[in-house]
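Remarks on the structure that follows.
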Amino acid sequence: MKLKEFAEHIGLSPTTVSRALGGYPEVNAETRARVIEEAARLGYRPNINAVRLATGRVGAIGVVMSKTGEYQFTEFMSGIAERLSDEDIDILVTPMAEQDLQSELQVFRRLAESRRVDAVIVHAPRPKDERIALLHKMQMPFIVHGRSETTVPHAWLDIDNEGAVRRATEHLLDLGHRRIAMINGREGLTFTLHRDAGYRKALEARGIALDPRLVSHGIFTDEVGFRFARSALEQTPRPTAFVAGSMMTALGVYRAARSLNLKVGEDISVIAHDDVFPYLTADNMSPSLSTTRSSIRAAGTRVADLLLQVLGGRDPTDIHELWPVELILRESTRPRTA
């Protein structure tokens, strides 16, 4: 069935049908839903080549994959795929072995110049992120997963990292803990700075001085969590509680405690941020892990949806979403015993 035939069948103009299926914002939600429902019922699918010729789009979104955070990337990509699966839009994943700024800029410049994608998703932004300025200058549509302090106008979606860590730290303080260690992400990233701020503000509000020896930065792995926790627990006096930046680093803290014959939930308390991974659940850890919680898969789905809106003509400066984070208390956090 051709576009004109399908449009006549449902009593709409070909232009309206085309724009409804293309996600353009000027088509109201009711009409779009009706067109999508009828297309599914009748088995109509637009000719992709014709659509791309008419719109000037290539039908792909670009994502750059770094060598760190692979497990988070997988869940995030699953969320993107859920949203794009019915849109006839492909995902172009570009691997990047090096983490230095110039290598990153080169990758994003190549994506923009090649025009192999219609838009790009930017991850792990910095406060003054040159990737954002570059994509804006090259007129490549994009959205940022996270936030940046740059003055360049852009769309973004983020979680309340500062509020999450502040609430987690305050919970431990309420339980009587005073020496609280934090395992944070890589230095220089906006989310890391926000988490640092939440931790510091919680301590300052209770009149507790920051001890730099109790703060660690690095990639979120079990090994990083283990090494820092083991080193911290060998201090005198040792910390009585940990704020872990991820479920993976929390696993490392649990392992470090066991290696020193300490019990989580008794000798030390642990709370972590949970990105909601199907293969690593806080309830199934022993003891069950207290967490701040926000689904990274849901974030991927929403980021993809918002990027489609940008491609549909929505002003990127109208897209600023800050998601609250749940605090879920379980067995791993208990009042300080010593």
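Do you know which residues across the stretch 255-273 are in contact with an Asp or Glu (Cβ under 9 Å, 6 or more places away or on another chain) and in contact (Cβ under 8 Å) with a residue 40 or more places away in the chain? Break it down stepwise before answering.
Taking the stretch 255-273 first, the residues in contact with an Asp or Glu (Cβ under 9 Å, 6 or more places away or on another chain) are 255, 257, 260-261, 264-265.
Result: Val264, Gly265.
Please go through the stretch 16-30 and give me each residue that is in a loop (DSSP other than H, G, I, E, B) and either of a type in the set (Asp, Glu) or on the phi < 0 side of the Ramachandran plot (or both), ordered by number.
To start, the set of residues in the stretch 16-30 that are in a loop (DSSP other than H, G, I, E, B) comprises 22-28.
Within the stretch 16-30, Gly22, Tyr24, Pro25, Glu26, Val27, Asn28 qualify.
Does at least one position in the stretch 96-112 carry a residue that is β-branched (Val, Ile, Thr) and either in contact (Cβ under 8 Å) with a residue 24 or more places away in the chain or open to solvent by 40 Å² or more (accessible area, probe 1.4 Å) (or both)?
Checked the stretch 96-112: at least one residue is β-branched (Val, Ile, Thr) and either in contact (Cβ under 8 Å) with a residue 24 or more places away in the chain or open to solvent by 40 Å² or more (accessible area, probe 1.4 Å) (or both).
Among the residues of the stretch 125-142, is there at least one that is at positive phi, touching a residue at least 60 places away in the same chain (Cβ under 8 Å) and under 16 Å from the mean Cα position of the chain (by Cα)? Write out each step before concluding.
Initial filter on the stretch 125-142 (at positive phi): 139.
Adding the requirement that they be touching a residue at least 60 places away in the same chain (Cβ under 8 Å) leaves none.
No, every residue in the stretch 125-142 fails to be at positive phi, touching a residue at least 60 places away in the same chain (Cβ under 8 Å) and under 16 Å from the mean Cα position of the chain (by Cα).
So, Gln72, is that one loosely packed, with under 15 Cβ neighbours inside 10 Å, assigned to a helix (DSSP H, G or I) and at pLDDT 75 or above or not?
Working: loosely packed, with under 15 Cβ neighbours inside 10 Å: no; assigned to a helix (DSSP H, G or I): yes; at pLDDT 75 or above: yes.
No: the conditions fail for Gln72.
Are any residues in the stretch 279-338 buried (at least 17 other Cβ atoms within 10 Å of the Cβ), within 22 Å of Val152 (Cα to Cα) and among the aliphatic types (A, V, I, L, M), and if so, which ones?
Val303, Ala304, Leu306, Leu307, Leu308, Val310, Leu311, Ile319
Consider Pro95 carefully, then state whether it is touching a Ser or Thr at 6+ places or on another chain (Cβ under 9 Å) and either closer than 30 Å to Pro324 by Cα or in a helix (DSSP H, G or I) (or both). So that I can check it myself, show each step before the final result.
Numbers: touching a Ser or Thr at 6+ places or on another chain (Cβ under 9 Å): yes; either closer than 30 Å to Pro324 by Cα or in a helix (DSSP H, G or I) (or both): no.
Spelling it out, it is not the case that Pro95 is touching a Ser or Thr at 6+ places or on another chain (Cβ under 9 Å) and either closer than 30 Å to Pro324 by Cα or in a helix (DSSP H, G or I) (or both).
Here's a check for you: in the stretch 207-242, which residue that is part of a strand (DSSP E or B) and open to solvent by less than 10 Å² (accessible area, probe 1.4 Å) is farthest from Ser294 (Cα to Cα)? Walk me through it before giving the result.
As a first pass, look at the stretch 207-242 and keep what is part of a strand (DSSP E or B): 215-217, 241-242.
Of the ones still in play, those that are also open to solvent by less than 10 Å² (accessible area, probe 1.4 Å) are 241-242.
Working: Ala241: 22, Phe242: 19 Å.
In this case the residue turns out to be Ala241.
The values are calculated or read from the model by the stated rules, or taken from the named source; none is laboratory data. Everything numeric here is computed off the predicted structure, so don't read it as measured data. Ideal geometry is used to build each Cβ from the backbone, glycine not excepted, and the neighbour counts take in all protein chains shown. Surface areas here come from the heavy atoms of the whole protein model, side chains and all, with no ligands, DNA or RNA. Shrake-Rupley method; radii C 1.70, N 1.55, O 1.52, S 1.80 Å.
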